[in-house]
Amino acid sequence: MNKSMNVFVIIALVMLSGCFPSNDLEKKQVHLTGITMGTVAYNIKYIEQPIDGGTPIPSDVVVHQNVERILKQLNQDMSNWIPDSELSKFNSHDSLSPVKISEGLRRVIAESIRLGHLSEGKLDVTIGPLINLWGFGPEARPEKAPTQEEIAQAQARTGIDNLMLEGNMLTKRIPNLYVDLSTIAKGYAVDLVAEYLDSISAHNYLVEIGGELRAKGFKHTGELWSVAIEKPVSTERAVHQIIIPKDNAIATSGDYRKYFEENGQRYSHIIDPDTGKPINHKLVSVTVIHPSSMTADGLSTAMMLMGPEKAYAFAEEHKIAAYLISKSENGFIEQFTVEFMPYLK
């Protein structure tokens, strides 16, 4: 579905009226905040009381400590910025022999490979050399855009088919393959925290890490959790569309926040594995709703790489709840699939 619109509302996260399944609407809501993955902020809100008088939820201090422990372990498993992380060690070794990996890393790699094949290679977690080449990885940004020869050399070290997973054994097909999970790891972090909250009977929550979210149930006043899709501009923070994700995750990918400019040319942090260069098309934002934040995160990135026409066709074909914003001479054009309609305000 397509329509053109001009947007101007200001807000980033809102709560809309709903109906809490209890006569006791005012319940204590805990709000935990912190930093993970070096510079990524997180916000976690949950209702302290368990549903139907179940097992008491641990104190907010204990919950916060456990969340920190979960996120710290995730960083140690799959950060490219920590030299001795599990993923960094895998990237640094040049053996073609299988390597046993942790369950967390296995889950993320498995979904990365699945989505890579589903998107016909657009989501490719092996494009780390290209990300580094363009200055969006752990290495410093180059003084100028790389040459075509440098891009070709980096592309030779990539390819999702060069990464093979069997059980918990991970294998490189080329010795200098480099895996970067930044397109999906934040979503997985959200899922881990949500799974932890479910395990302690905190079934009403909103988990947000670096802009990726997952919601369940209601807030303490009996209102539904709702979120806003941001207007895709770099000059301000404003709302484009308010949605109600219900018991789902929501992930948005866009090219309007992280980029650099050189000689009047803007270079997005989203690198197309086919060209080896930052994307350059009219699609500026993709939002996906899915039960898994990890999957929503990966799908939104894959679709950003496709461009507006292919991304919308892909979402329709695979029945993905997706909301696309493209730029035009007359403002923004939005598209959303039938599967996304139930979540619109």
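The values are calculated or read from the model by the stated rules, or taken from the named source; none is laboratory data. Being a predicted model, the structure only gives us computed values, none of them experimental. Cβ: placed from backbone, ideal geometry, glycine included. Neighbour counts: every protein chain shown.
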Checklist entry - Hey, among the residues in the range 235-260 that are assigned to a loop (DSSP other than H, G, I, E, B) and at pLDDT 90 or above, which one's nearest to the chain's Cα centre (by Cα)? => result Asn248
Item to check | Verdict on Lys72 being touching a strand residue (DSSP E or B) at 6+ places or on another chain (Cβ under 6 Å) and not hydrophobic (A, V, I, L, M, F, W, C) | outcome: no
Checklist entry - Can you find a residue in the range 307-315 that is surrounded by 23 or more Cβ atoms within 10 Å (Cβ to Cβ) and either of a type in the set (D, E, K, R) or at pLDDT below 95 (or both)? => result no
Checklist entry - Going by the structure shown, is Ile127 surrounded by 13 or more Cβ atoms within 10 Å (Cβ to Cβ), among the β-branched types (Val, Ile, Thr) and in contact with a Pro (Cβ under 7 Å, 6 or more places away or on another chain)? => result yes
Checklist entry - Is the range 96-117 home to any residue that is outside any helix (DSSP H, G or I) and within 19 Å of Ala189 (Cβ to Cβ)? => result yes
Checklist entry - For the range 143-159, which residues satisfy the criterion of being surrounded by 17 or more Cβ atoms within 10 Å (Cβ to Cβ) and not in a helix (DSSP H, G or I)? => result Ala145, Pro146, Arg157, Thr158, Gly159
Checklist entry - Inside the range 323-342, can you point out the residues that are outside any strand (DSSP E or B) and under 11 Å from Val284 (Cα atoms)? => result none
Item to check | Total residues in the range 269-300, condition of a type in the set (Lys, Arg) and closer than 23 Å to His240 by Cβ | outcome: 1
Next on the checklist: Tell me yes or no: at least one residue of the range 168-182 is hydroxyl-bearing (Ser, Thr, Tyr) and over 17 Å from Glu86 (Cα atoms).
Outcome noted: no
Item to check | So Ile131, is it part of a helix (DSSP H, G or I), in contact with a His (Cβ under 9 Å, 6 or more places away or on another chain), outside the structural domain of Lys277 (by TED's automatic domain parsing) and at negative phi | outcome: yes
Checklist entry - Residue check: is Pro56 outside the structural domain of Val207 (by TED's automatic domain parsing) and over 27 Å from Lys310 (Cβ atoms)? => result no
Checklist outcome for this item: Sole miss for Leu32 among (1) at pLDDT 95 or above; (2) closer than 16 Å to Leu206 by Cβ; (3) more than 23 Å from the chain's Cα centre (by Cα); (4) of a type in the set (A, V, I, L, M, F, W, C) is condition (3)
Checklist entry - Taking interchain pairs and intrachain pairs at least six residues apart, which have beta carbon atoms under 6 angstrom, with the first residue in the range 292-320 and within 14 Å of Asn280 (Cα to Cα) and the second of a type in the set (Lys, Arg) and surrounded by fewer than 21 Cβ atoms within 10 Å (Cβ to Cβ)? => result Pro308/Lys282
Checklist entry - When Ile174 is evaluated against the numbered criteria (1) part of a loop (DSSP other than H, G, I, E, B); (2) of a type outside the set (Gly, Ala, Ser); (3) at pLDDT below 95, which criterion, by number, is the only one it fails? => result (3)
Next on the checklist: Checking the condition on the phi > 0 side of the Ramachandran plot and touching a helix residue (DSSP H, G or I) at 6+ places or on another chain (Cβ under 7 Å), which residue from Gly121, Gly104 passes?
Outcome noted: Gly121
Item to check | Top-ranked residue of the range 261-296 - restricted to ones that are of a type in the set (D, E, K, R) and assigned to a strand (DSSP E or B), ranked as modelled with the highest pLDDT | outcome: Asp272
